[in-house]
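The values are calculated or read from the model by the stated rules, or taken from the named source; none is laboratory data. As the structure is a prediction and not an experimental result, all values here were calculated from the model. Neighbour counts run over all protein chains shown; Cβ positions are idealised from the backbone, glycine included. When the accessible area is computed, the model is the full protein with side chains, heavy atoms only, and any ligands, DNA or RNA have been set aside. Shrake-Rupley method; radii C 1.70, N 1.55, O 1.52, S 1.80 Å.
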Amino acid sequence: MQVTIGTRAEYLEALRALIAEAADLGAGELFLCDPDFADWPLNEPAVIDHLMRWAAPHRRIALIAQHYDEVVRRHPRFVQWRQVWGHLVDARIPEDTEASDLPTLLLVPEVASLRLLDRRHWRAVISRDGAQMHLCRDELDAISQRSHPGFAARPLGL
C-alpha cells in the first residue's frame with residue numbers, strides 16, 4: 001500500500017506520525033536520511049516525546065546526513081535528546097555521495113517508509129510494502145558502508 005503526499009504540511013505530518021507509530025510499536029530500529037535535516041520537525045516537543053518513548057536498550061537510530069550543522073542550529077531539543085541517548089544513535093556522513101544524491105527518507109523497518117521525491121513541490125510517498133522497505137534498507141546500508149561517523153553526542157573537550 002502506498003499513500004502519495006503533495007504538500008509540505010502533509011509531509012511534515014507524515015514524519016511526525018511515523019515517528020509516533022515507531023514509538024507506539026516499540027520499533028527496534030529507525031533510519032533517518034537527509035542532506036541536512038533542516039526541514040524535519042526534530043525540534044518539536046511532541047517529536048521529542050515520541051523519541052523519548054521509543055528510546056530503550058537494544059534499540060538503534062541511524063542518521064545519515066551530508067552535514068549536521070542545521071541539526072545543531074535548528075533542532076536544539078533533538079541535540080539534547082541525542083546527548084542523553086547517544087548510545088542508541090549511529091550518525092554517519094557519506095564519503096562519496098553529494099548532498100543532492102542523498103535520499104530524504106524515514107524508514108521504520110517492518111512498519112513503513114516515507115520518501116520525499118520532490119523537495120520543491122513536497123511530493124512524497126509512504127509505503128508499507130515489505131519489498132519497498134527492503135529496498136530502502138539496502139539503499140541506506142550501501143550509503144552507510146561508504147561513510148564515517150559524524151555528529152558527536154558531545155563536542156570534543158566538554
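Residue-level check: of (1) under 13 Å from the mean Cα position of the chain (by Cα); (2) of a type in the set (D, E, K, R); (3) outside any loop (DSSP other than H, G, I, E, B); (4) more than 27 Å from Ala131 (Cα to Cα), Arg73 misses just (1).
Scanning segment 1-12 turns up at least one residue that is in contact with a Ser or Thr (Cβ under 7 Å, 6 or more places away or on another chain), open to solvent by 30 Å² or more (accessible area, probe 1.4 Å) and closer than 21 Å to Gln132 by Cα.
When Ala91, Ala22, Ala62 are checked against the criterion of being under 29 Å from Gly130 (Cβ atoms), touching an Asp or Glu at 6+ places or on another chain (Cβ under 6 Å) and in contact (Cβ under 8 Å) with a residue 40 or more places away in the chain, a single residue qualifies: Ala62.
Taking segment 41-70 as the range and being of a type in the set (Phe, Trp, Tyr) and either surrounded by fewer than 19 Cβ atoms within 10 Å (Cβ to Cβ) or assigned to a helix (DSSP H, G or I) (or both) as the test, only Trp54 passes.
Scanning segment 110-130 turns up no residue that is loosely packed, with under 15 Cβ neighbours inside 10 Å and of a type in the set (S, T, N, Q). Would you call Ala20 open to solvent by 40 Å² or more (accessible area, probe 1.4 Å), at pLDDT 95 or above, of a type in the set (Gly, Ala, Ser) and in a helix (DSSP H, G or I)? Spelling it out, it is not the case that Ala20 is open to solvent by 40 Å² or more (accessible area, probe 1.4 Å), at pLDDT 95 or above, of a type in the set (Gly, Ala, Ser) and in a helix (DSSP H, G or I). If the condition is being under 23 Å from His134 (Cα atoms) and either open to solvent by less than 50 Å² (accessible area, probe 1.4 Å) or not aliphatic (A, V, I, L, M) (or both), then segment 25-39 contributes Gly26, Ala27, Gly28, Glu29, Leu30, Phe31, Leu32, Cys33, Asp34, Pro35, Phe37. Condition check for His75 on (1) touching a residue at least 24 places away in the same chain (Cβ under 8 Å); (2) within 20 Å of Ser144 (Cβ to Cβ): one failure, at (2).
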